[in-house]
Ligand SMILES: NC(=O)c1ccc[n+]([C@@H]2O[C@H](COP(=O)([O-])OP(=O)(O)OC[C@H]3O[C@@H](n4cnc5c(N)ncnc54)[C@H](OP(=O)(O)O)[C@@H]3O)[C@@H](O)[C@H]2O)c1
């Protein structure tokens, strides 16, 4: 049987890792889509243009669609609700519809921000209650995905880091310039509990889950995957400093809730449903963040 995977958002932080993971496996035929960063390897498709999207999907005939593209910056979403809905919800509906027409399994990448963070850990049956417009748009995307076909899946993940094109590409690596700048006092959030998760680990989980799905139609519905280290942004900043022998004297902990769009306090995901199927070890934060940041130091 042919194994064809189409990956949206393949130029993004997570999509890039997913694309590379499938490309390493010669049993998969891979098509990566991008928008502003399309190029030789990634095909340019505006996902909000349903004709364009339909043409590409019908031509490629994927068995699996990993839908990773999204607007995922909560503070941007607060001010751009309409544009966000077009990408996070309406384009998701179009992807699922055309996916169903070619009999593809759709995996929608979602977020722990669908939860309010008051009652962790959250298992896959927990009822979402998003606190901000980003979380709401992703929850709408989840509902569209699962309503389109009961065969489809949702994978929720928390704050991500991985190899970056720029330090501000990830909410984790964006902290590093302040960590390096020991001459200036910096204040880091020490309130919301987070579980930084390494994109290449998620990519392995997704590739292995896709292989299982092609043999076993019981793979459907909601899954969670997450790193297992409970950290605030302050904790992450201190580990980054320690990795490079940088003093932490200039880093100050802020114990109040983060400003901007409201964030869940602790949206820890219970990953047991997925761990029972695909057991992928979690890369320790201190090792993988060192790998990611070494090209950015000094
Ligand atoms: N980053 C996190 O911490 C985090 C945490 C939890 C869940 N998630 C979820 O994980 C997924 C991946 O996030 P990410 O961090 O990899 O996002 P990202 O780095 O911001 O990448 C977004 C991707 O969406 C593509 N895109 C944007 N508008 C498009 C359009 N109109 N048509 C086609 N493609 C378009 C971008 O393409 P171009 O760049 O080529 O324009 C890019 O590949 C998202 O679903 C997000 O909600 C992320």
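Below are the figures for this structure:
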{"read-out": "Positions within region 217-264 being loosely packed, with under 14 Cβ neighbours inside 10 Å and farther than 25 Å from residue 288 by Cβ, in sequence order", "value": "217, 218, 249, 252, 255, 256, 257, 259, 260"}
{"read-out": "In region 255-271, the residues that are in a loop (DSSP other than H, G, I, E, B), within 17 Å of the chain's Cα centre (by Cα) and either in contact (Cβ under 8 Å) with a residue 60 or more places away in the chain or at positive phi (or both)", "value": "263, 264, 267, 268, 270"}
{"read-out": "Within region 125-151, considering residues that are under 12 Å from residue 108 (Cα atoms) and under 17 Å from the mean Cα position of the chain (by Cα), the one nearest to the ligand (Cβ to nearest atom)", "value": "138"}
{"read-out": "Some residue of region 63-71 being at pLDDT 95 or above, more than 11 Å from the ligand (Cβ to nearest atom) and under 16 Å from residue 9 (Cβ atoms)", "value": "yes"}
{"read-out": "Hey, residue 45 crowded, with 17+ Cβ neighbours inside 10 Å and farther than 30 Å from residue 275 by Cα or not", "value": "yes"}
{"read-out": "Qualifying positions in region 1-46 - within 12 Å of the ligand (Cβ to nearest atom), over 15 Å from the mean Cα position of the chain (by Cα) and assigned to a loop (DSSP other than H, G, I, E, B)", "value": "35, 36, 37, 38, 39, 41, 42, 45, 46"}
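The values are calculated or read from the model by the stated rules, or taken from the named source; none is laboratory data. Values in this document were obtained by computation on a predicted structure and should not be read as measured data. Quick reminder, even Gly has a Cβ in these numbers, built from the backbone with ideal geometry, and neighbours come from all protein chains shown.
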